[in-house]
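Remarks on the structure that follows.
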Amino acid sequence: MTASRLFSFLAGAFLLASCQMTQMPGLPGKGSVYGDRAGPSGFRSVILDAGHGGKDSGAVSHGMMEKTYALDIAKRVRSNLSPGYRVVMTRTDDRFIELNDRVHVASHNSDAILVSIHLNHGRRYRAGPETYWWRTDSYSLARRFQQQMNAVCPHESGNAGMVRRRLRLTRNPTIPCVLLECGYLSNSRDARLLATAAYRERMAQAIARAIRDQSAYGDAGMGPLPRPIYAPPSKASDARG
Ligand SMILES: [Zn+2]
């Protein structure tokens, strides 16, 4: 066997072994590596992650910075969840936090969910909320968020609705995790609404309602759960990690 043939044999064996490894189901109990389990119920802890911060403004449009409005909505969600829930915020002021550190905070809390709050940016006609999820244990929660946010938003146009996408915040934590885009700052109607405290409060109430419903009812009424996808953790080098 030449060196190159030996190498390809070894590489093939390694690939086979790692494929088998990634098809192993997540560990039962405390945290699930793949999220291949039913959605949460009865939880009383929520990790609220206001997107971006500090040197990272996120989307900037219509004179509004995503980091500012994401933090405002997150604080309103926290108010709407108290009393009754233990809320951990990944940031409470304008500071930069690495995505992996946000994942770390979430994974340090068991029997909790992670909700990451963002505002969107895209073509001008796109408007309305979107919900990003990946794990099976986060699907019903994502549906509840999308339904509740849609009920608050008076218009939608060309938005993606529910999106199954493997991001660091939708794949890597060991607890159910969902990323919300509460509207498009790049859309003039969304921006006008999001600029008002009254609309941000209604959006926060909708998010809090979805959390309370998931805790009370679990997956009930949300239809069959999607099949798990045993994909590796999302990395910074992924296209949209
Ligand atoms: Zn964002």
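Roughly what angle does helix 139-152 make with the longest principal axis of the chain, taking Cα atoms, 0 to 90 degrees, to the nearest 10?
Result, in degrees: 20.
Quick check: from the Cα gyration tensor, does the range 54-190 come out rounded (a/c under 1.5), prolate or oblate?
Taking the square roots of the gyration eigenvalues as a ≥ b ≥ c, the range 54-190 is prolate.
Heavy-atom accessible area per residue, the range 85-190, 1.4 Å probe: how many Å²?
That works out to 37 Å² per residue.
What ranking, highest mean first, results for peptides 183-196, 74-87 when packing means the other Cβ atoms within 10 Å averaged over each residue?
Descending mean neighbour count gives 183-196, 74-87.
Within 10 Å, count the other beta carbons around each residue, average over each peptide in 202-210, 33-41, and list them highest first.
202-210, 33-41
Quick one: Karplus J couplings for the range 106-116, per residue in order, coefficients 6.51, -1.76, 1.60, θ = phi - 60°, nearest Hz, x for Gly and Pro?
Values, residue by residue: 4, 6, 7, 10, 9, 6, 9, 10, 10, 10, 9 Hz.
Loop-only check: which trypsin sites (Lys or Arg not before Pro) in the range 95-151 are DSSP coil with at most 16 other Cβ within 10 angstrom?
ARG95, ARG123, ARG124
Calculate the length of the line joining the C-alpha centroid of the range 82-118 to that of the range 162-177, in whole Å.
Centre-to-centre distance over Cα atoms comes out at 14 Å.
Please report the antiparallel percentage of the DSSP beta bridges confined to the chain, to the nearest 5.
25
Mind running the shape call on the chain? Use the C-alpha gyration tensor, a ≥ b ≥ c as the square roots of the eigenvalues: rounded below 1.5 for a/c, prolate if a/b tops b/c, oblate otherwise.
prolate
Check which residues have an amide H placed less than 5 Å from ILE117's amide H, if you skip close sequence neighbours.
Amide H neighbours of ILE117: ASP49, ALA50, GLY51, LEU180.
Quick one: with all protein chains in place, what share of the accessible area of the range 119-201 is carbon or sulfur, to the nearest percent (1.4 Å probe)?
Accessible surface attributable to carbon and sulfur in the range 119-201 totals 45 percent.
Which whole-number percentage describes the relative contact order of the range 45-217, with Cα contacts under 8 Å and a sequence gap of 6 or more?
29
In the range 136-163, whose amide N lies under 14 Å from the spot 7 Å out along Cα-to-Cβ of ARG227? List them in ranges.
Within reach of a label on ARG227: 136.
Give me the net charge for the shell around SER45: Cβ to Cβ below 10 angstrom, other residues only, Lys and Arg +1, Asp and Glu -1.
+1
If we sort 167-177, 222-232 on the protection proxy, mean other Cβ atoms within 10 Å, highest first, what's the order?
167-177, 222-232
So between ASP238 and ARG192, what do we pick up on full extension, going 0.36 nm a residue minus the alpha carbon distance?
Gain in length upon complete extension: 13.2 nm.
The values are calculated or read from the model by the stated rules, or taken from the named source; none is laboratory data. Please read these numbers as outputs of a predicted model, since none were measured by experiment. Note that each Cβ is placed from the backbone with ideal geometry, even for glycine, and that neighbours are counted across all protein chains shown. Ligands, DNA and RNA are excluded from the accessible area calculation, which covers all protein heavy atoms including side chains. Shrake-Rupley method; radii C 1.70, N 1.55, O 1.52, S 1.80 Å.
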